[in-house]
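Engineer: Following this message is one structure expressed as structure tokens.
Here, each number is a calculation from the coordinates, and none is a lab measurement. Quantities reported herein were computed from a predicted structural model and do not represent experimental measurements. Glycine gets a Cβ as well: all are built from the backbone with ideal geometry, and neighbour counts include every protein chain shown.
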Amino acid sequence: GENVEQHPSTLSVQEGDSAVIKCTYSDSASNYFPWYKQELGKGPQLIIDIRSNVGEKKDQRIAVTLNKTAKHFSLHITETQPEDSAVYFCAASSPGSNYQLIWGAGTKLIIKP
Amino acid sequence: DAGVTQSPTHLIKTRGQQVTLRCSPKSGHDTVSWYQQALGQGPQFIFQYYEEEERQRGNFPDRFSGHQFPNYSSELNVNALLLGDSALYLCASSLEGTKNIQYFGAGTRLSVL
């Protein structure tokens, strides 16, 4: 079955700098890759997603890139702000599993003032 | 437009008891998935309901069962509770045919003593 690995587990960056979180997946049939942000005491919030027919997607300060050959995808956050501090999860899913999400272990992003 | 709502928000049970958690999906959504999130980990898929039937199941024992009602709301039942069942239980809703983009509720925090 699908396995998703996420790195790093903790990332500390200076406010205003960029942050990059990387994930790899194992199932070549996976074709949908969402990123979720989870704040303390809340459920995961979808922030951006990408499908396998696209190499990059951008939404304001957030971007996601996908390399299907290498089976990895990354989240890029530019001009980080204190409110970006949270735990970020990547996930992968495929039509063969009715799009059940397989999750990475999460990255705790700390924005230093 | 109400998002995904879950009840209760917190629950304390003792070992061996049974628990029922409830979820109302986002308006217009017809598919409900349940996830278990242990502290400091990513969510683990329990099962997914569509058209009132369980159509996908993760690696969870049959102590975990569910139901979906005609109005698409759903319940998660856990029998014979174990200490290890203590976790945040998340409900996600999606619309069949939209490649299952999933939106999450805030979760129910279950503590088993």
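Engineer: Quick one: among B:G97, B:G66, B:G58, which has the greatest mean-square fluctuation in a GNM of chain B with alpha-carbon springs under 10 angstrom?
Structural biologist: In this elastic network of chain B, the residue with the biggest mean-square fluctuation among B:G97, B:G66, B:G58 is B:G97.
Engineer: To continue, here is another question. Can you list the residues of the range A:64-105 with backbone N under 15 Å from a point 7 Å past the Cα of A:E15, pointing along Cα to Cβ?
Structural biologist: A:79-86
Engineer: Please work out the C-alpha center-to-center distance from the range B:7-36 to the range A:58-97 and express it in whole Å.
Structural biologist: Computed from Cα coordinates, the inter-centre distance equals 28 Å.
Engineer: Then there is this: Taking only Cα atoms and a 10 Å spring cutoff, compute GNM fluctuations for chain B and point out the largest among B:S27, B:S74, B:S86.
Structural biologist: It is B:S27.
Engineer: With +1 on each Lys and Arg Cβ and -1 on each Asp and Glu Cβ, and nothing else charged, work out how big the dipole of the range A:49-113 is about its Cα centre, in Debye to the nearest 20.
Structural biologist: The calculation lands at about 220 debye.
Engineer: Further question on the same structure: Considering the Cα positions of the protein assembly as shown, please state its Rg to one decimal place and its Dmax as a whole number of Å.
Structural biologist: 17.5, 50
Engineer: Name the residue, out of B:N59, B:N79, B:N71, whose mean-square fluctuation peaks in a Gaussian network model built on chain B with Cα pairs under 10 Å.
Structural biologist: B:N59
Engineer: Among all stretches of chain A without exposed GluC sites (Glu not before Pro) (DSSP loop, at most 15 other Cβ atoms within 10 Å), which one is longest?
Structural biologist: Result for the longest clean stretch: A:40-78.
Engineer: Please compute the modelled spin-label separation between B:S7 and A:L40, points set 7 Å along Cα→Cβ, answer in nm with one decimal.
Structural biologist: Reported label-point gap for A:L40 and B:S7 is 2.8 nm.
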